[in-house]
1. Filter the stretch 26-66 down to residues that are of a type in the set (S, T, Y) and touching a residue at least 24 places away in the same chain (Cβ under 8 Å) and give me whichever is least open to solvent (accessible area, probe 1.4 Å).
2. Output the qualifying pairs, or none if there are none: Cβ atoms under 7 angstrom, residues six or more apart or on different chains, first residue in the stretch 67-95 and part of a loop (DSSP other than H, G, I, E, B), second residue modelled with pLDDT under 95 and exposed (fewer than 10 other Cβ atoms within 10 Å of the Cβ).
3. What number of residues in the stretch 7-54 are of a type outside the set (V, I, T) and over 23 Å from P87 (Cα atoms)?
4. Restricting attention to the stretch 25-66, report how many residues are of a type in the set (S, T, N, Q) and part of a helix (DSSP H, G or I).
Amino acid sequence: MKMIIPNRLWVGAFIPNWLLKQNSIAANCKLVYASMCQNSTDYGVVFVKQEQIALQVGMTLRTIQRTLADLEEFKLIAKKQVGMSQPNEYRFPHHEWMNELELTTDVKIKEP
């Protein structure tokens, strides 16, 4: 049987360890958060429509809407309504759970 090394094969949506270990967060929230991170711009902004997120993660639109509301309630995302028939703008506030993360490399944060 041929074996693979997954972390060297793919680029994709990843759930940060600080979020993964939070027992109070549902798996749907973790998956949607990872998908949103993958779809964010270089400035940390997401303009993806909820329908597109639903297709990417294999959930219904209603489940995505509830999950986004949960992520907002936990203060993991911040939503700004842009306009009719336009995707909302989502950003990622710094969360206290992230303080547990030990960075081993220099990370530069770009401001819009």
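The values are calculated or read from the model by the stated rules, or taken from the named source; none is laboratory data. In this text, all values refer to a predicted model and were calculated from it rather than measured experimentally. Positions of Cβ are generated from backbone atoms using ideal geometry, with glycine treated the same way; all protein chains shown enter the neighbour counts. Protein only, heavy atoms only, side chains kept; ligands, DNA and RNA dropped before computing areas. Shrake-Rupley method; radii C 1.70, N 1.55, O 1.52, S 1.80 Å.
1. So the first thing to find is which residues in the stretch 26-66 are of a type in the set (S, T, Y), and the list is 33, 35, 40-41, 43, 60, 63.
Add one more test, that the residue is touching a residue at least 24 places away in the same chain (Cβ under 8 Å), and what stays is 33, 40, 43, 63.
Values: Y33: 7, S40: 39, Y43: 117, T63: 28 Å².
Once the filter is applied, the top-ranked residue is Y33.
2. Within 7 Å, the pairs are N88/K80; N88/Q81.
3. As a first pass, look at the stretch 7-54 and keep what is of a type outside the set (V, I, T): 7-10, 12-14, 16-24, 26-31, 33-40, 42-44, 47, 49-52, 54.
Filter again for over 23 Å from P87 (Cα atoms), leaving 7-10, 16-24, 26-27.
Residues flagged as of a type outside the set (V, I, T) and over 23 Å from P87 (Cα atoms) within the stretch 7-54 amount to 15.
4. Let us first name the residues in the stretch 25-66 that are of a type in the set (S, T, N, Q), namely 28, 35, 38-41, 50, 52, 56, 60, 63, 65.
When the remaining residues are screened for being part of a helix (DSSP H, G or I), the result is 28, 35, 38, 50, 52, 56, 63, 65.
Adding up the residues that qualify gives 8.
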